[in-house]
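Undergrad: Dumping the structure here so I can ask a few things about it.
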Amino acid sequence: FAIGFRNDAGGWELRSPQFKGSSAPKTITTFDRHGDTALLFEGFFDLLSYLTLQHKPTPAVDTAVLNSVVNLPRALPFLARHATIHTFLDNDEAGRRTFQRLHDCFGEKVIDRSALYADLKDLNEFLLSENAENNV
């Protein structure tokens with residue numbers, strides 16, 4: 001068994017405690033609210049963590065989930081039409097390279113939000129640590 005998150009091409013990101021994979025075709029997932037601000041997440045659990053922290057069932061602004069940093073080129077057309085892009089990428093080399101590529105493309109309109117969880121791998125770990133601290 002696995003939980004599935006559909007992407008824009010009809011493929012699925014699949015997750016379970018024992019499995020992390022996807023079905024073809026693999027691409028990004030977007031939520032288009034026709035606004036001028038976009039959120040960018042590396043993976044679906046980071047988006048779900050963000051929504052949990054915001055107490056929202058769905059994204060209120062335009063949102064893209066890369067489903068893998070290798071999909072960044074597929075997200076560029078969606079991101080290009082936004083005045084502001086808030087990134088919630090992993091605190092690892094791949095996340096830093098991805099942010100730098102975005103900054104090279106779009107300049108100062110790209111805002112790195114990873115400082116929120118600077119001592120942790122990603123936004124999901126931040127949520128889990130916050131919950132752990134609140135339940136102590």
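The values are calculated or read from the model by the stated rules, or taken from the named source; none is laboratory data. In this text the structure is predicted, and so the values were computed from the model without any measurement. Here the Cβ positions follow ideal geometry from the backbone for every residue, glycine too, while neighbour counts run over all protein chains shown. What goes into the accessible areas is simple: the full protein's heavy atoms, side chains included, and nothing from ligands, DNA or RNA. Shrake-Rupley method; radii C 1.70, N 1.55, O 1.52, S 1.80 Å.
Undergrad: Hey, any hits in segment 38-49 for a residue that's on the phi < 0 side of the Ramachandran plot, at pLDDT 95 or above, open to solvent by 10 Å² or more (accessible area, probe 1.4 Å) and of a type in the set (S, T, N, Q)?
TA: Among the residues of segment 38-49, not one is on the phi < 0 side of the Ramachandran plot, at pLDDT 95 or above, open to solvent by 10 Å² or more (accessible area, probe 1.4 Å) and of a type in the set (S, T, N, Q), which makes the answer no.
Undergrad: Need at least 3 residues that are in contact (Cβ under 8 Å) with a residue 40 or more places away in the chain per element, so show me which strands (runs of 3 or more DSSP E) inside segment 1-86 make the cut, counting only ones lying wholly within it.
TA: 37-41
Undergrad: Please determine, by comparing only the residues of segment 78-97 that are touching a helix residue (DSSP H, G or I) at 6+ places or on another chain (Cβ under 6 Å) and over 20 Å from V61 (Cβ atoms), which one is surrounded by the fewest Cβ atoms within 10 Å (Cβ to Cβ).
TA: Selected residue: A94.
Undergrad: Then there is this: What about L120, is it touching a Ser or Thr at 6+ places or on another chain (Cβ under 7 Å) and closer than 15 Å to F45 by Cα? Before the answer, list the steps.
TA: Numbers: touching a Ser or Thr at 6+ places or on another chain (Cβ under 7 Å): yes; closer than 15 Å to F45 by Cα: yes.
Taking the combined requirement at face value, the residue satisfies it.
Undergrad: Got a sec? Which of D104, D112, D119 is surrounded by fewer than 18 Cβ atoms within 10 Å (Cβ to Cβ), at pLDDT below 95 and either of a type outside the set (S, T, Y) or at positive phi (or both)?
TA: After ruling out the rest, the residue left standing is D119.
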